[in-house]
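The values are calculated or read from the model by the stated rules, or taken from the named source; none is laboratory data. No experiment lies behind these values; they were computed from the predicted model shown. No Cβ is skipped: glycine too gets one built from the backbone with ideal geometry, and neighbour counts run over all protein chains shown. Side chains are part of the model used for accessible areas, which takes the heavy atoms of the whole protein and leaves out ligands, DNA and RNA. Shrake-Rupley method; radii C 1.70, N 1.55, O 1.52, S 1.80 Å.
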Amino acid sequence: MKPIIIIGAGIGGLSTAIRLAAAGRKVLVLEQSETVGGKMGQIRRDGFRWDTGPSVITMRHVLEELFAVAGRRLEDYLTLLPVEPLTRYFYPDGTRLDATRDLSRMAAQIAALDERDVEGCLSYLAYAARLHRITGPVFIYDRPPTWRSFTRVPPADALRVDAWRSMDAAIRSFVRSPHLRQLLGRFATYVGGSPYQAPATLNVIAHVELTGGVWYPQGGIYAIAAALARLAEELGVEIRTGCPVRQIVLAGNTVQGVLLSDGTLEPAETVVANVDVATVYQTLLPPAIATPRRLAHLTRVEPSCSGFILLLGVAGRHERLAHHNIFFSNDYRREFDDIFRRGVPPDAPTIYVAITSKSDPAHAPAGGENWFVLVNAPALDSRYDWMAQATVYRDQILIRLADFGLDIRGKIQTEQMLTPLDLARLTGAWRGAFYGASPNSPFIAFRRPHNRAPDVRGLYFTGGTTHPGGGVPMVMLSGKVVANLIAADRR
Ligand SMILES: Cc1cc2nc3c(=O)[nH]c(=O)nc-3n(C[C@H](O)[C@H](O)[C@H](O)COP(=O)(O)OP(=O)(O)OC[C@H]3O[C@@H](n4cnc5c(N)ncnc54)[C@H](O)[C@@H]3O)c2cc1C
């Protein structure tokens, strides 16, 4: 029996492999890098260790379900610890707020900002929970939505999907405090969007995090990639790393296999690409399929944001900081205008700092901390030259941290920069975008490339650039969608 070939051992590829193998299919995963995980990477240097991609894991139930499908228990592979506070927020005026699932503590902090916002925030959370109930079955947990499937939503609920105003407009209708508005708007960035453009429907993300919590796998986020690879191999999946695919081989418009960069042909009737869909068409499919029209259709979509990353080994313990920290900018709207309209990284950006050594002391030498510093930035764009500007931008970020009372410039023991160029090179991310297409359109759920290629028989897509979208839990769910589609197509 020819195996199903999966190109890429990102979280989408591994999740798909697990589901297919659990259903009795023979699966071969071909990964170009020497390690699995894709964007979920890790780097070790000078006694420090960093996760280089995702740092906030939500929707624990999605992981649990993936292990359950394979007849295993998540707890036997991963120790997921709840993170508290969820995130510590620092504002330029000196305000500090710990987002927490502890309701009375959260309410007290909100009351200190504006007493009326306690009610406002509770109503907002009820609204976000309702969005999850209504949109989950159509947009998240099942096949790609169609206008037809959307008509199955009861009319009263369909009107409450709230796609016609922005996230920010909805947030403003619930809460008054500018601090709280900025905090809730930030959830747009979880899928690479702007709170001023993304549809209010995405307020569902606040429900997922503030109600469902944030989870940290002991050992680091990379433990998830390692656990999925282990499970896949236990189920009989063959994972070949250091094995780039050069081409998807077709006869007419039917998959015949894949050609490896060493010239070997691996035959298959079914190929699942975990590579960005635009990159698949641009680099892996022949011109007869990747026509100029098709390429234009895929590449004219606005990409989600990318980011600029500093991995810093810092001397000393910073007791003011938590595991997840946000240092907000003064002008949030301008920041997103810079990213999505001007195509340049914001000069006074919001800065995210994750320090896993707060939860896992082994991630830094004694007396040190491993800082993962992330700033949202535009996807690669001719208006900004990272080769020329990255070092200057790094200095700007360190100055901004110093403005918040965290001058670490004399304490950096080791460091590495990652720009959108690196992300594009290392994972094949189209224009270095973190989450595929930007969610700044009310119709994005209908416009994402389908998990089944429309023009190639036997080709499927899994991962963050296809349905249901970017982010670790979504990408795991794309594996479920693909496995179900393949099973249905076989029948
Ligand atoms: C810096 C950063 C921070 C993030 N933060 C979060 C977060 O906090 N929470 C969250 O949920 N999500 C976050 N995300 C998003 C999340 O990481 C992604 O949505 C998810 O990991 C994408 O997985 P994927 O399966 O789509 O593909 P990828 O991870 O992109 O994997 C694709 C794989 O395909 C391989 N490949 C490409 N071309 C070939 C080829 N020709 N042959 C063989 N192999 C090939 C690549 O090497 C790669 O391993 C973040 C992303 C980044 C980059």
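Going by what's in this entry, would Val314 be described as of a type in the set (A, V, I, L, M) and more than 22 Å from the chain's Cα centre (by Cα)?
Spelling it out, Val314 is indeed of a type in the set (A, V, I, L, M) and more than 22 Å from the chain's Cα centre (by Cα).
Out of Leu295, Leu284, report the one residue that is surrounded by 14 or more Cβ atoms within 10 Å (Cβ to Cβ) and farther than 30 Å from Pro345 by Cα.
One residue alone meets the criteria, Leu284.
Are any residues in region 447-469 outside any loop (DSSP other than H, G, I, E, B) and open to solvent by 10 Å² or more (accessible area, probe 1.4 Å), and if so, which ones?
Residues satisfying the conditions are Arg447, Arg452, Arg457, Tyr460.
Would you be able to tell me the number of residues in region 93-107 that are open to solvent by 60 Å² or more (accessible area, probe 1.4 Å) and out of contact with any strand residue (DSSP E or B) (no Cβ under 6 Å at 6 or more places or on another chain)?
Of the residues in region 93-107, 7 are open to solvent by 60 Å² or more (accessible area, probe 1.4 Å) and out of contact with any strand residue (DSSP E or B) (no Cβ under 6 Å at 6 or more places or on another chain).
Of the numbered conditions (1) more than 29 Å from the chain's Cα centre (by Cα); (2) within 12 Å of the ligand (Cβ to nearest atom); (3) in a loop (DSSP other than H, G, I, E, B), Val275 satisfies every one except a single condition; which is it?
(1)
Scanning for something outside the structural domain of Val475 (by TED's automatic domain parsing), surrounded by fewer than 17 Cβ atoms within 10 Å (Cβ to Cβ), among the basic types (Lys, Arg) and in contact with a Lys or Arg (Cβ under 9 Å, 6 or more places away or on another chain), does region 57-79 turn up at least one residue?
no
Can you name the number of the only condition in (1) in contact with a Pro (Cβ under 9 Å, 6 or more places away or on another chain); (2) open to solvent by less than 10 Å² (accessible area, probe 1.4 Å); (3) not in a helix (DSSP H, G or I) that Gln197 fails?
For Gln197, the failing item is (2).
In region 301-321, what count of residues is obtained for those that are assigned to a loop (DSSP other than H, G, I, E, B) and away from the ligand (no atom under 15 Å from the Cβ)?
Qualifying residue count for the region: 8.
Quick check on Ala126: is it at pLDDT 95 or above and either open to solvent by less than 40 Å² (accessible area, probe 1.4 Å) or over 26 Å from the mean Cα position of the chain (by Cα) (or both)?
For Ala126, the condition - at pLDDT 95 or above and either open to solvent by less than 40 Å² (accessible area, probe 1.4 Å) or over 26 Å from the mean Cα position of the chain (by Cα) (or both) - is not met.
Just wondering, is there one or more residues in region 377-389 that are under 21 Å from Trp50 (Cβ atoms) and surrounded by 22 or more Cβ atoms within 10 Å (Cβ to Cβ)?
Checked against the condition, which is being under 21 Å from Trp50 (Cβ atoms) and surrounded by 22 or more Cβ atoms within 10 Å (Cβ to Cβ), region 377-389 yields at least one hit.
Which of (1) farther than 30 Å from Gly47 by Cβ; (2) without any contact (Cβ under 8 Å) to a residue 24 or more places away in the chain; (3) open to solvent by 50 Å² or more (accessible area, probe 1.4 Å) is the odd one out, the single condition Glu302 does not satisfy?
With respect to (1) farther than 30 Å from Gly47 by Cβ; (2) without any contact (Cβ under 8 Å) to a residue 24 or more places away in the chain; (3) open to solvent by 50 Å² or more (accessible area, probe 1.4 Å), Glu302 is out only on (2).
Give just the number: which of (1) open to solvent by 40 Å² or more (accessible area, probe 1.4 Å); (2) among the β-branched types (Val, Ile, Thr); (3) under 19 Å from Asn440 (Cα atoms) does Thr151 not satisfy?
Failed condition: (3).
For region 447-472, name all the residues that are within 15 Å of the ligand (Cβ to nearest atom) and among the aliphatic types (A, V, I, L, M).
Of everything in region 447-472, those that are within 15 Å of the ligand (Cβ to nearest atom) and among the aliphatic types (A, V, I, L, M) turn out to be Leu459, Val472.
On the given criteria, is Ile339 in contact with a Phe, Trp or Tyr (Cβ under 8 Å, 6 or more places away or on another chain) and at pLDDT 95 or above?
So Ile339 does not fit the description; no.
Suppose the filter is modelled with pLDDT of 95 or more, in contact with a Pro (Cβ under 7 Å, 6 or more places away or on another chain) and either farther than 23 Å from Gly53 by Cβ or open to solvent by less than 10 Å² (accessible area, probe 1.4 Å) (or both); does Val353 pass it?
Taking the combined requirement at face value, the residue does not satisfy it.
Given the criterion closer than 30 Å to Gly47 by Cα, assigned to a loop (DSSP other than H, G, I, E, B), among the hydrophobic types (A, V, I, L, M, F, W, C) and out of contact with any strand residue (DSSP E or B) (no Cβ under 7 Å at 6 or more places or on another chain), identify the matching residue among Ala366, Ala362, Ala348, Ala388.
Testing whether each residue is closer than 30 Å to Gly47 by Cα, assigned to a loop (DSSP other than H, G, I, E, B), among the hydrophobic types (A, V, I, L, M, F, W, C) and out of contact with any strand residue (DSSP E or B) (no Cβ under 7 Å at 6 or more places or on another chain) leaves just Ala366.
If I filter region 422-446 down to residues being in a helix (DSSP H, G or I) and open to solvent by less than 40 Å² (accessible area, probe 1.4 Å), which single residue comes out as nearest to the ligand (Cβ to nearest atom)?
This residue is Thr427.
Please go through region 247-281 and pick out each residue that is small (Gly, Ala, Ser) and either without any contact (Cβ under 8 Å) to a residue 12 or more places away in the chain or buried (at least 19 other Cβ atoms within 10 Å of the Cβ) (or both).
Matches in region 247-281: Ala251, Gly252, Gly257, Gly263, Ala268, Ala273, Ala278.
Residues in region 410-421: is at least one of a type outside the set (Gly, Ala, Ser), part of a helix (DSSP H, G or I) and open to solvent by less than 80 Å² (accessible area, probe 1.4 Å)?
Checked region 410-421: at least one residue is of a type outside the set (Gly, Ala, Ser), part of a helix (DSSP H, G or I) and open to solvent by less than 80 Å² (accessible area, probe 1.4 Å).
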